[in-house]
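K.L.:
Below is a structure I'd like to ask you about.
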Amino acid sequence: MAKYIIIGGVAGGATAAARLRRIDEHSQIIIFEKGAYISYANCGLPYYIGGVIPERRKLFVQNAQAFAQRFNVDVRCEEEVIQIDRERQTILIRRLNQTNYEEQYDKLLISTGAKPIIPPLEGMNLEGVFTLRDVQDTDQIKSFIDNRKPKHALIVGAGFIGLEMAENFCNLGIEVTIVEQSNQVLNAIDYSMASFIHTHLQDQGVQLELNSSLHSIKKDREHLEVSLSDGRIIQTDLVLLSLGVRPNSKLAKDANLQLGVKSGIQVNEYLQTSDPNIYAIGDVIEYPHPITNKPWHNNLAGPANRQARLVADNIVFGEREKYEGSIGTAIAKVFDYSVACTGLSTKSLEKEKLYHKSVTIQPNNHAGYYPNATTLVLKLLFNPKNEQILGAQIIAKEGADKRIDSIAQIIKQRGTIQELMQTEQAYAPPFSSAKDPVALSAYVANNIITGKMKELYWKEMLHASLEKVQIIDVRTPKEFSFGYIQGAVNIPLDELRNRLEEVSTDKKKYVYCAVGMRGYLASNILEANGFEDVYNLVGGYSLYASATRDLKEDAKIVKLPCQIN
Ligand code: FAD
């Protein structure tokens with residue numbers, strides 16, 4: 001009878017144990033979990049803190065006893081594995097009472113997850129300073145909120161968890177300031193997309209301190225005093241450090257298992273470590289990104305679950321299932337918006353020096369004539385030479401999830417714009433338009449690839465020299481009166497054919513409308529009438545205004561995508 005040992009009993013570990021049992025009824029399976037709980041919903045923790053999930057027990061997918069009984073697995077909570085002896089195929093376990101004992105294994109699976117990053121700065125251990133990773137952290141934050149009734153919370157780091165917590169703190173009536181060292185929230189998406197979220201966060205009353213980093217935290221009598229690197233001090237009642245995670249790979253390192261360049265455990269395509277009897281999955285591993293082929297941590301629950309199923313098969317049947325890698329398909333709710341992304345962003349493509357272009361469209365989530373349509377912003381990144389799709393980002397009130405998933409499927413298959421154009425989307429007016437945003441993004445990309453549309457990006461528009469460029473705004477005079485790009489002449493689309501004499505014959509023409517559609521029609525008209533060097537602003541004025549807005553200005557001057565209609 002084979003003996004399988006799993007270290008870590010949450011997303012990856014518990015899923016692997018259940019699969020192991022399903023395919024090998026007679027093996028001995030032991031899970032060691034250093035925390036008090038297994039198989040809980042860490043993705044739900046922010047919503048329990050915010051009261052959206054009112055009952056704590058709902059966080060627990062299975063309790064240890066029920067899991068043990070259902071799957072005939074020996075679950076040992078509050079027991080930490082402190083050493084792996086690869087030669088003897090044993091592990092050393094420390095109980096809560098600090099006594100140690102050994103267990104022997106035939107196959108070992110490491111699913112120890114990741115640890116929140118805590119910077120080596122003054123004040124990180126003060127009462128009221130938290131990280132959020134597990135149930136214990138959650139209970140501590142919840143109890144602090146219940147007992148101390150904080151009025152203000154400061155979140156350091158504006159990733160997905162930081163923003164989810166911002167919303168949940170606000171739900172509890174707690175004022176929120178977010179400190180983020182880069183110039184944008186949500187580093188997984190591009191600045192222009194994040195700019196819509198900046199406005200939305202400000203609209204919700206969240207104070208955004210971008211380009212700011214944490215220097216230290218001190219305890220005042222009643223408050224915490226947070227010093228920023230620019231010398232400013234913010235008084236707060238609670239600090240949440242949400243600066244990302246590092247793989248929990250010390251156990252593997254001490255056992256001389258091969259680590260990768262980012263200190264995650266290196267695994268082969270069968271999710272096997274440098275020791276053939278030891279496997280690893282989840283946040284603790286690093287694995288090549290399918291597009292860049294460079295090692296990365298995706299730190300997401302979906303891939304951890306997929307790897308768990310696959311690794312169980314390899315443990316029982318030998319190395320036969322290959323892991324294809326994750327492209328980082330993710331989604332988060334940020335107040336009224338969903339922010340979703342897949343594949344690579346412009347930033348990462350530039351870093352990897354991968355040639356690419358992008359389109360950004362802002363169609364409705366469903367037919368405009370059907371009530372309550374809202375605007376969806378979709379950015380698609382692709383290689384115009386071989387047409388491969390490289391990434392996508394969506395911000396929407398509704399409909400981001402299904403669209404990002406369908407683009408992700410094409411990216412994972414190394415699909416092209418042609419293939420995206422060929423995909424089918426279910427349509428009826430309450431759900432979509434006959435030309436779904438996904439199809440539309442592929443059509444616009446195809447226009448660029450085939451040379452039908454010369455694209456112009458907001459940064460190029462920002463740096464346009466009026467000596468060399470004529471900027472033409474083809475929106476209506478009313479739209480123009482609400483705001484326009486400096487130096488633009490207003491020639492509404494429907495008047496363009498009759499006002500061609502106003503169009504320069506020697507300068508480049510930068511044409512724009514609200515979101516890009518009328519600009520494209522205008523550029524067609526101009527080209528058909530013999531004008532050369534006509535470029536259409538991708539994403540239109542809406543994207544340009546959002547991306548160039550000074551955050552200190554009144555957020556209301558920029559219309560959010562969902563307010564365009
Ligand atoms: P974990 O689920 O973290 O499990 C690792 C376990 O190993 C821990 O319980 C730990 O106590 C235990 N352990 C570690 N060392 C030892 C040891 N030596 N001995 C015994 N036990 C040990 N992902 C998404 O895709 N979508 C989301 O919406 C999302 N939201 C999230 C929200 C929060 C607040 C957090 C913290 C994470 C979120 N994630 C989300 C990420 C997702 O939860 C992780 O990617 C996933 O849990 C990784 O699974 P894992 O098995 O690798 O690690």
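The values are calculated or read from the model by the stated rules, or taken from the named source; none is laboratory data. None of these values were measured; they are calculated from a predicted model. Positions of Cβ are generated from backbone atoms using ideal geometry, with glycine treated the same way; all protein chains shown enter the neighbour counts.
K.L.:
For the stretch 515-552, name all the residues that are surrounded by 16 or more Cβ atoms within 10 Å (Cβ to Cβ) and small (Gly, Ala, Ser).
P.N.:
Result: GLY516, GLY519, ALA522, SER523, GLY539, GLY540, SER542, ALA545, SER546, ALA547.
K.L.:
I need the full set of residues from the stretch 160-180 which are among the small types (Gly, Ala, Ser) and either under 16 Å from ASP137 (Cβ atoms) or surrounded by 21 or more Cβ atoms within 10 Å (Cβ to Cβ) (or both), in order please.
P.N.:
First, pick out the residues of the stretch 160-180 that are among the small types (Gly, Ala, Ser): 162, 166, 173.
Once the filter is applied, which keeps residues that are among the small types (Gly, Ala, Ser) and either under 16 Å from ASP137 (Cβ atoms) or surrounded by 21 or more Cβ atoms within 10 Å (Cβ to Cβ) (or both), the stretch 160-180 yields GLY162, ALA166.
K.L.:
Checking GLU286 against (1) closer than 30 Å to ARG148 by Cβ; (2) without any contact (Cβ under 8 Å) to a residue 60 or more places away in the chain; (3) of a type outside the set (A, V, I, L, M, F, W, C), only one condition comes out false. Which one?
P.N.:
Unmet for GLU286, out of (1) closer than 30 Å to ARG148 by Cβ; (2) without any contact (Cβ under 8 Å) to a residue 60 or more places away in the chain; (3) of a type outside the set (A, V, I, L, M, F, W, C): (1).
K.L.:
Of a type in the set (D, E, K, R), in a helix (DSSP H, G or I), at pLDDT 95 or above and in contact with a strand residue (DSSP E or B) (Cβ under 7 Å, 6 or more places away or on another chain), is that true of GLU501? Steps first, please.
P.N.:
Working: of a type in the set (D, E, K, R): yes; in a helix (DSSP H, G or I): yes; at pLDDT 95 or above: yes; in contact with a strand residue (DSSP E or B) (Cβ under 7 Å, 6 or more places away or on another chain): no.
Considered against the rule, which asks whether it is of a type in the set (D, E, K, R), in a helix (DSSP H, G or I), at pLDDT 95 or above and in contact with a strand residue (DSSP E or B) (Cβ under 7 Å, 6 or more places away or on another chain), GLU501 comes out as no.
K.L.:
Something else: So which of THR99, THR90, THR177 ends up being more than 24 Å from SER229 (Cα to Cα), touching an Asp or Glu at 6+ places or on another chain (Cβ under 7 Å) and away from the ligand (no atom under 13 Å from the Cβ)?
P.N.:
Values: THR99 fails: touching an Asp or Glu at 6+ places or on another chain (Cβ under 7 Å); THR177 fails: more than 24 Å from SER229 (Cα to Cα).
Of the residues listed, the single one that is more than 24 Å from SER229 (Cα to Cα), touching an Asp or Glu at 6+ places or on another chain (Cβ under 7 Å) and away from the ligand (no atom under 13 Å from the Cβ) is THR90.
K.L.:
Please note which strands (runs of 3 or more DSSP E) are completely contained in the stretch 3-122 and include at least 1 residues that are among the basic types (Lys, Arg). Spell out the reasoning first.
P.N.:
On the way: elements: 3-7, 28-33, 74-77, 80-85, 90-94, 100-104, 107-110, 114-116.
It comes to 3-7, 74-77, 90-94, 107-110, 114-116.
K.L.:
A further question on this structure: State whether one or more residues within the stretch 137-152 are within 12 Å of the ligand (Cβ to nearest atom), surrounded by fewer than 20 Cβ atoms within 10 Å (Cβ to Cβ) and not in a strand (DSSP E or B). Walk me through it before giving the result.
P.N.:
We begin by selecting, within the stretch 137-152, every residue within 12 Å of the ligand (Cβ to nearest atom); these are 137-138, 141.
So of that shortlist, the ones also surrounded by fewer than 20 Cβ atoms within 10 Å (Cβ to Cβ) come out as 137.
Going one step further and asking which of them are not in a strand (DSSP E or B), we end up with 137.
There is at least one residue in the stretch 137-152 that is within 12 Å of the ligand (Cβ to nearest atom), surrounded by fewer than 20 Cβ atoms within 10 Å (Cβ to Cβ) and not in a strand (DSSP E or B).
K.L.:
Here's something else I'd like to know. I'd like to verify a number: residues in the stretch 41-52 that are more than 8 Å from the ligand (Cβ to nearest atom) and surrounded by 16 or more Cβ atoms within 10 Å (Cβ to Cβ), how many?
P.N.:
Within the stretch 41-52, the subset more than 8 Å from the ligand (Cβ to nearest atom) is 41, 47-52.
From what's left, surrounded by 16 or more Cβ atoms within 10 Å (Cβ to Cβ): 41, 47-50.
Residues meeting the conditions: 5.
K.L.:
Tell me yes or no: at least one residue of the stretch 275-283 is in contact with a Cys (Cβ under 6 Å, 6 or more places away or on another chain) and part of a helix (DSSP H, G or I).
P.N.:
Looking for residues that are in contact with a Cys (Cβ under 6 Å, 6 or more places away or on another chain) and part of a helix (DSSP H, G or I), one finds none in the stretch 275-283, hence no.
K.L.:
Within the set of pairs 6 or more residues apart or between chains, which connect a residue that is part of a loop (DSSP other than H, G, I, E, B) inside the stretch 293-310 to a residue that is among the aromatic types (Phe, Trp, Tyr) and more than 8 Å from the ligand (Cβ to nearest atom) with Cβ atoms less than 8 Å apart?
P.N.:
ASN298/TYR287
K.L.:
Hey, another quick one. Looking only at residues in the stretch 206-241 that are within 22 Å of VAL185 (Cβ to Cβ) and among the β-branched types (Val, Ile, Thr), which one is surrounded by the fewest Cβ atoms within 10 Å (Cβ to Cβ)?
P.N.:
ILE234
K.L.:
Could you tell me how many of the residues in the stretch 307-336 are under 26 Å from GLY159 (Cα atoms) and away from the ligand (no atom under 11 Å from the Cβ)?
P.N.:
The first filter runs over the stretch 307-336 and keeps only residues under 26 Å from GLY159 (Cα atoms), leaving 307-308, 324-336.
If we keep only those that are away from the ligand (no atom under 11 Å from the Cβ) as well, we get 324-325, 327, 334-336.
Going through the stretch 307-336 one residue at a time, the tally reaches 6.
K.L.:
Please specify each residue of the stretch 25-40 satisfying the condition of being farther than 30 Å from LYS149 by Cβ and within 8 Å of the ligand (Cβ to nearest atom). Don't jump to the end; show me each part of the working.
P.N.:
First, pick out the residues of the stretch 25-40 that are farther than 30 Å from LYS149 by Cβ: 25-34, 38-39.
Answer for the stretch 25-40, where residues must be farther than 30 Å from LYS149 by Cβ and within 8 Å of the ligand (Cβ to nearest atom): PHE32, GLU33, LYS34, ILE38.
K.L.:
Being near the ligand (Cβ under 9 Å from one of its atoms) and buried (at least 17 other Cβ atoms within 10 Å of the Cβ), is that true of even one residue in the stretch 102-110?
P.N.:
To start, the set of residues in the stretch 102-110 that are near the ligand (Cβ under 9 Å from one of its atoms) comprises 110.
Now drop any that are not buried (at least 17 other Cβ atoms within 10 Å of the Cβ), which leaves 110.
Checking the stretch 102-110: at least one residue is near the ligand (Cβ under 9 Å from one of its atoms) and buried (at least 17 other Cβ atoms within 10 Å of the Cβ).
K.L.:
Okay, moving on. Check every one of the strands (runs of 3 or more DSSP E) wholly within the stretch 212-256 and list those with 3 or more residues that are touching a residue at least 12 places away in the same chain (Cβ under 8 Å) and more than 18 Å from GLY159 (Cβ to Cβ).
P.N.:
Numbers: elements: 214-219, 224-228, 233-236, 238-241, 245-247.
Here the list reads 214-219, 224-228, 233-236.
K.L.:
Would you mind finding the one in VAL339, VAL377 that is within 16 Å of the ligand (Cβ to nearest atom), touching a residue at least 60 places away in the same chain (Cβ under 8 Å), touching a strand residue (DSSP E or B) at 6+ places or on another chain (Cβ under 7 Å) and of a type in the set (Val, Ile, Thr)? I'd like the intermediate steps shown before the answer.
P.N.:
Working: VAL377 fails: within 16 Å of the ligand (Cβ to nearest atom).
Checking each option against the conditions leaves just VAL339.
K.L.:
Right, next: Six or more apart or on different chains, Cβ under 8 Å: which pairs go from a residue in the stretch 107-130 that's on the phi > 0 side of the Ramachandran plot and in contact (Cβ under 8 Å) with a residue 40 or more places away in the chain to one that's part of a strand (DSSP E or B) and hydroxyl-bearing (Ser, Thr, Tyr)? Could you list them?
P.N.:
Within 8 Å, the pairs are GLY123/SER216.
K.L.:
Within the stretch 60-79, is there a residue that is closer than 30 Å to PHE169 by Cα and among the β-branched types (Val, Ile, Thr)?
P.N.:
Yes, the conditions are met somewhere in the stretch 60-79.
K.L.:
Going through the stretch 127-136 one residue at a time, which ones are within 11 Å of the ligand (Cβ to nearest atom) and of a type outside the set (A, V, I, L, M, F, W, C)?
P.N.:
Selection gives THR131, ARG133, ASP134, GLN136.
K.L.:
Name the residue, out of SER345, SER358, SER326, that is more than 17 Å from the chain's Cα centre (by Cα), small (Gly, Ala, Ser) and at pLDDT 95 or above. Steps first, please.
P.N.:
Values: SER345 fails: more than 17 Å from the chain's Cα centre (by Cα); SER326 fails: more than 17 Å from the chain's Cα centre (by Cα).
Only one candidate passes the filter, namely SER358.
K.L.:
State which residue is surrounded by the fewest Cβ atoms within 10 Å (Cβ to Cβ) when the search covers only the stretch 285-306 and only residues that are away from the ligand (no atom under 16 Å from the Cβ) and β-branched (Val, Ile, Thr).
P.N.:
Step by step, filter the stretch 285-306, then rank; the result is THR292.
K.L.:
Another question, then. Return only the number of the condition from (1) modelled with pLDDT of 95 or more; (2) surrounded by fewer than 18 Cβ atoms within 10 Å (Cβ to Cβ) that ASN63 does not satisfy.
P.N.:
(1)
K.L.:
Just to verify a result, which residue in the stretch 261-284, among those that are aliphatic (A, V, I, L, M) and over 16 Å from GLY244 (Cβ atoms), is surrounded by the most Cβ atoms within 10 Å (Cβ to Cβ)?
P.N.:
Taking the stretch 261-284 first, the residues aliphatic (A, V, I, L, M) are 261, 265, 267, 271, 278, 280-281, 284.
Imposing the further condition that a residue be over 16 Å from GLY244 (Cβ atoms) reduces the set to 261, 265, 267, 271, 278, 280-281.
Values: VAL261: 10, ILE265: 28, VAL267: 25, LEU271: 27, ILE278: 23, ALA280: 30, ILE281: 33.
That would be ILE281.
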